[in-house]
Each structure stands twice: as C-alpha cells, then as structure tokens.
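Everything on this sheet refers to the single structure shown next.
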Number of protein chains: 2
Amino acid sequence: MTHQAATALDVRLRLLAERPDDAAALVVPDVVIGSPRSAADLEAFAAGCDVVTFDHELVDGAALERLERAGHRLHPTAATVAIAQDKLAQRTRFAAAGLPVPAFRAVRGVEDLLAFGDDQGWPIMAKAVRGGYDGRGVWRLDGERAAFDLWSSFAHTGVDLLAEAHVPLDREIAVLIARRPGGEVAPYAVVETVQRDGICRELLVPAAIPPAVAAAAGALARQAAEAVAVVGLLALELFVVGDRLLVNEIAARPHNSGHWTIEGAVTSQFEQHLRAILDWPLGAPDLAAPAVATVNLLGAADGRDPRSGLTLALTDPAVRVHLYGKSPRPGRKLGHVTVLAGSLAEARSRAGTAATHLVGGHHVVQGER
Amino acid sequence: MTHQAATALDVRLRLLAERPDDAAALVVPDVVIGSPRSAADLEAFAAGCDVVTFDHELVDGAALERLERAGHRLHPTAATVAIAQDKLAQRTRFAAAGLPVPAFRAVRGVEDLLAFGDDQGWPIMAKAVRGGYDGRGVWRLDGERAAFDLWSSFAHTGVDLLAEAHVPLDREIAVLIARRPGGEVAPYAVVETVQRDGICRELLVPAAIPPAVAAAAGALARQAAEAVAVVGLLALELFVVGDRLLVNEIAARPHNSGHWTIEGAVTSQFEQHLRAILDWPLGAPDLAAPAVATVNLLGAADGRDPRSGLTLALTDPAVRVHLYGKSPRPGRKLGHVTVLAGSLAEARSRAGTAATHLVGGHHVVQGER
C-alpha cells in the first residue's frame, strides 16, 4: 500500500523482503532479499536508500543504531523503533512524559507477578515485552495459580514480561498522527478499533466518543509523537474507561488502525508517512465522508481464498476491497474492506456484508455503539 | 496507475514495455520487454495472460486478430481497437449507428480536400486517420492553397487523411463509461476537457453544461459503447455546439480525460477498467465531492523536472499530485494535479497554483466558464 502512494509521488521504493513471494515483493519491482534481523543484510539494503523506513518492528535494533552511526537516515530513528519494539519502554517513556498509562511493573520473576496482583487486585494482565501482536503475547491472570502457570511455561524462553493492571475498558480507540523532522504534526480523526479476542476487527470513524474525549485523544497523540520523537506515522492506541483515556501502545509506522484513511481521508496514511519521512509538507488528514467503516478480513477457518468471494463482494458498488496477496491461513489478516457512507450504521453493515462474502463469518461485532 | 488499482484487488499485472525505463516498467514488477507492433512479442506476452488489455492504441492490429483466433481473450477486442485506432472508421461507425458526427470525407487525393472545402465552405479540418494525439495530426485548412500545401507535404508519407467540417465549438466535454462483456455499463459524470493548442489542459467536473445536455452526453456514451462493443473503459470525446453535441473521437481504455476519477469518483477509471475486462461487477462511478478539477502537467520549455517543485506544490494540503516518472521534455504530459473542493472555481485555482509550482506557466485557461 505504501508502493501505491509512492507511485503517485514518483518516489522510488526499494523493499527489503525475506522471500520473493512476500506479499509486498509481488507488487514492488525493486526488491532486495534479506532479513531485517541481519546486520549485514540491513547494511547492504540501506546503502542504496536516501531514507530507510519500516512497515513492521521486527528489526535488529543494534543494527539500526550502527546504520545511523554510519550516516544513514532512518525515519523513524533507531531510538524511536527501540521504544516501539518494547512495551515496557513505551510504558516507562509515556509515564515519564506525564501521559496516562495503566499501572505496570517489569517482571523479573514470578514474585513480581504475585506482588503486582496483591497490590492491584486480581485479575492482572501479563504481556510479552516484545513481539506480541493480534492478541498473542497477552495473558489475563486471574490469580496466583495462573501466575505460576504462566511463569513456569515462560521463564525459560528468555522473553521479558510486563505486568499491567486489568483495565475495565469501555472501548478501544486509536489516533494516527504524522510528524515531520521539525516537529510539525497532522493528526487524523479518532478511530474506534473494535476488537474481538484481542484482534482488531473493525475500524469506525468517527469514533462514538464525546467531543471532549476525542479532543483529549488528539492531544495525547501530539504528546506521544513528541515523547518518542517519531518521524513518520505514529499510531497511538488508547483505552477508553468512562471519560478517561489510558495509553495502550504505539506503532511507529503506517498501521492497520489507519487503513480506513486510504479512501476515508484526503491523504492516506501511506502517503502521509512518505511525506513525513521525506520532510515534505503534510497532506490534509480530513475525513472524506461523514462516516467510514473498515472491516479486517481474517482468514477463514476453512482456509478459503478471499478471491473466491470477490465478485460477490463487489456487487455492492460502494465497497472498496483491498486484498494483500497473502496466502490464506486461518486468522491471518488477508485484506480489508472499506465503505464510506452517510452514517456509520450503513457503512458498517455494507462493509460487514462484503467481508462475509470474502471470508465468511460475521464481521460486525454486536452491541450498542 | 492501473497497477495501483490492480494491487488493491490482488490482480497480478504483466506489462509489455518497449524499454526497461518506460514509466510503467519502473513501478510494475512483472515486465516483458517487447514491442506492441511485433506479432512475435505480442504472442509471447499474451501466452501468460488471462486477459490482454491496452493503455494505448499503437498496437499491431493484424497481430491482435491472430491472438484472438488463437484463443486469447482481448478486452477491448481486436475489432474495437481497430476502430479506436482509426478516426475514419470511428466516423463511419458512429454515423451508421445514428450518432451525431461532424460532416466528414475520406481523402484519397487533394481533389477530395478541395471538393469538401467547396461543399462545406472553408476553413475545413484535415486529420491523420491514425496516430495523431495532443494536437498532432490535425490541421486547419483555410483555403485551397493550404490544402495543396498539406497534400504536397503529406502524399508521400502513406498516412491516410480525413477531411472534416470545421465546427464552431463552444467547449469540449468527455464521458467515461465502463462496459462489461454482457453489456452492463456505468457512465461517469460529464467532464469538461479544457483545451489549449489541441492539448487538454484541465478537466472540470461537473462540466458547466445544462442538465439536458449532460443527459444527452450520457446517452451518447451508452450508444457509443454499444456501437463499438467495447469491453472496459471507453472515453467519448464530444464537441458542444450551442445545445448540440457532436462526437469527436474515442479511446477504448483508461484515458487522460478520466484521471480526475482517481480521487474524484468512488471508483477510479483504472479499477473500473479492470473490473469490466475481468467481467466483475462495476464500481460506483459517483462523484466524491461537489467539484473536481484536474490540471495536466505539461513539461516546461526549460525542461525542468517537476519534482523540483514538488514540496512547494504540496504546501496546499488538499492538492493531490500524480507524477508519471517520465523524463521531462517540453510539452510532454509528466503528471497531473487534482483538487476536490466545494466549488469548481476553488478547485481550479488551487490545482492551477500547484501546477505552476511544478512546471511553471499558467494553467487555468482564461475566460468565463
């Protein structure tokens, strides 16, 4: 999707891909095969780039620092990526900057889990500090027994854990914000990220929150962008608890929570990211319609190819389908569907119907919103 | 631009390019180097394609017919491409189908020009039947002397000529329409194509014409699509003379007059073309804003690279820039700029300012509209 934006602006993209059949490698001509966890591969790749940027965080951090010391321009910087890679570093940095975060504690042994549970009351959350996504690397611990079980299965893996208060959240939202090297920012409208089983299923814009809460979320995005000195896109994920906001986590790159911007905003997050990292003027983040709904396409349990339902999904002429060219696997994000409409109810319903045609199942999460 | 649309729908595009540095070859991974005027190259290329389509008409027509006889699927078909390649064939076909066309006559010798001028009154227009574009291959003949001069410079070239009445046109408009193999069509709103020196400079949507004229233009587009049995996009260019419409010419592919649809319509002409040739349901062609203006970026006389003015152009956050990656040459179409706004005056003004930043000059053609 970044290549689509780069094409319009005549920005030549070079892609570091692990395999020639990676989804992005199927659509970008200039592909270097290599591993983002190999210092040698990163160095060879960066040699031909004016700016190095990221579409995930699974990159060797020490190698990034070496690239910067060798004079390569990285946006976001190695320091920002290091924070985005590490949930504990995020909590620490944001707490220090005065942003509201859930109560948390680094876990060096099971006694830290137990003490935190005693202190906060059970249940508590345990999270892998690095590498978790889509509900993986997150555990709800209902009591001491669960803490011991988790620790016994985890202590040998070398993965660091973080304990966190269990927050009785009402909903989750996100704010996408772009920041240029000089500090200029452009925040998008607040998006509600509807989750099921820890996986984002729907994006709803504008989020159904009071204007004051939306304004507070925008202000937090500005503070967060400044606190981690991001250059490029930052996705700030927030918990809404009553009229309070708590910072959940960040991604320092174009993010799934911003896929609605491709049609739903004047400037897509992908173009905005390119403009920010190239230090070009930012585009307008304004909404392109009163309501935008995006439904993620998660691979069906039967492993069907969403292309088999494409013509049916396209019978609704307003439906915008994005397929990522990934081989279908149950639960894998294979694409998304966006609908712009006069109301969120209509946009959700039409996007959900199209998603059902593509991957089966029901896609509009129940409940009054 | 077709690759951008194909990427979203997971349609794998294979490109036949004459040179590895052709603009499209810079952004599409699967490129076959060859000539669209070589039967052997076309055959080798078509062997790997489910559907063969076109982004220009400079293709060997006999080779296309052979491909179809060998069982390849061409959309548009060889017969439709043959008409789109030939202005005389267009006039003949549309006149036979009852569409309004300027008076015309095939030219086999200078006596045909003279007889046509005597019959219609001077001036008359002479046009190359094949290969003209952007004002090339079109001559206004003010009298017999001009007719003799043109013939003496042209008779030896083997290019066929067509004589046509000089039409006192008020403006030029176009209608983009997509047609599926079964005949289903989706026409876009009428676009005014503002010309200077035979080159389209601006696209304005909606065109400043009475609703009845717009409706008549839409009806002509449906008739024209049927008359040439197009599959895919058809651009129908029309002259407006008072409240009368005359068919100028067609393109049977995504066309410059449809570049405004990328942001200005729910479905871009590029996606719509893919959907039509794949016989998928067509997308909504509806306008995405009250007014859309697109300004073509023609290479400046000083040969400057439009990228040198890009950051200045982007200071207007609503401006959408499309650069084609072509090497700059005076007069060459190097890209376009689109602005969506509440009024056409505002959209034109902002797009024109951005175009001036990119290629210099003045881009909003003067005159009351």
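The values are calculated or read from the model by the stated rules, or taken from the named source; none is laboratory data. If you're wondering where the values come from, they're calculated on a predicted model, not measured in any experiment. Neighbour counts are summed over all protein chains in view; Cβ atoms, including those assigned to glycine, are modelled from backbone coordinates with ideal geometry. Just the protein is used for accessible areas: all its heavy atoms, side chains included, with ligands, DNA and RNA removed. Shrake-Rupley method; radii C 1.70, N 1.55, O 1.52, S 1.80 Å.
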How big is region B:85-227 in terms of Cα radius of gyration and Dmax, in angstroms?
16.8, 50
Accessible surface, region B:115-233, averaged per residue in Å² (probe 1.4 Å)
43 Å²
Shortest-first nm distances, A:Val51 label point to equivalent points in other copies (7 Å, Cα→Cβ):
3.6
Show me the ranking of peptides B:220-232, A:61-73, B:241-253 by mean Cβ neighbours inside 10 Å, starting with the highest.
B:220-232, B:241-253, A:61-73
Per-residue average of Cβ from other chains inside 10 Å of A:26-32:
5
Would you mind classifying chain B by shape? Square roots of the alpha carbon gyration tensor eigenvalues, ordered a ≥ b ≥ c; an a/c under 1.5 is rounded, otherwise it is prolate if a/b is larger than b/c and oblate if not.
rounded
Toy charge model, Lys and Arg Cβ at +1, Asp and Glu Cβ at -1: the protein assembly as shown dipole around Cα centroid in debye, rounded to 20, equals 120 debye
From Cα pairs below 8 angstrom and at least 6 apart in sequence, can you work out the relative contact order of region B:5-99, rounded to a whole percent?
18 percent
Mind listing P(r) for the protein assembly as shown? All alpha-carbon pairs, 20 Å bins, whole percents.
16, 46, 27, 9, 2, 0
Pseudo-label separations to other copies for B:Gly303 - Cα-to-Cβ vector, 7 Å, nm:
5.9
Over region B:257-369, what relative contact order in percent results from Cα pairs under 8 Å that are six or more residues apart?
28 percent
If you average the sequence gap of Cα pairs under 8 Å that are 6 or more apart and divide by the length of chain A, what percent do you get for the contact order?
13 percent
Farthest towards the positive end of the dipole of region B:59-154, among B:Phe116, B:Gly131, B:Thr80 and with Cβ unit charges of +1 on Lys and Arg and -1 on Asp and Glu, lies the Cα of B:Thr80
Can you list, shortest first and in nm, the gaps between the label point of A:Asp22 and those of its counterparts in the other copies, using a point 7 Å from Cα in the C-beta direction?
2.8
How would region B:79-122 be classified by its alpha-carbon gyration tensor: rounded, prolate or oblate, with rounded meaning a/c under 1.5 and the a/b versus b/c comparison settling the rest?
oblate
Within a 10 angstrom radius of each residue's Cβ in A:1-13, how many Cβ atoms of other chains show up on average? Whole number is fine.
6
Please compute the Kirkwood hydrodynamic radius over region B:216-369, one decimal place, Å, based on all pairs of different Cα atoms.
16.9 Å
Taking every residue in B:268-281, how many Cβ atoms of other protein chains lie within 10 Å of its Cβ, on average?
2
Which parts of region B:310-328, residue by residue, lose 20 Å² or more of accessible area when the rest of the protein chains are there, as against the chain isolated (1.4 Å probe)?
B:Leu310, B:Thr311, B:Leu314, B:Pro317, B:Arg320, B:Val321, B:Leu323, B:Gly325
Share (percent) of C-alpha pair distances in region B:12-162 greater than 26 Å works out to 41 percent
Relative packing of peptides B:143-149, B:170-176, A:333-339 - highest average C-beta neighbours within 10 Å first
A:333-339, B:170-176, B:143-149
What percentage of the solvent-accessible surface of the protein assembly as shown, computed with a 1.4 Å probe over protein heavy atoms, is contributed by carbon and sulfur atoms?
51 percent
Using a Förster distance of 35 Å, the FRET efficiency for A:Ala345-A:Val51 (Cβ separation, nearest 0.05)
0.25
B versus A: buried accessible surface, summed, Å² (probe 1.4 Å, to nearest 100)
3000 Å²
Which residue, chosen from A:Ala189, A:Ala174, A:His156, occupies the Cα position most advanced towards the positive end of the dipole of region A:63-201, where the dipole is computed from +1 (Lys, Arg) and -1 (Asp, Glu) charges on Cβ about the Cα centre?
A:Ala189
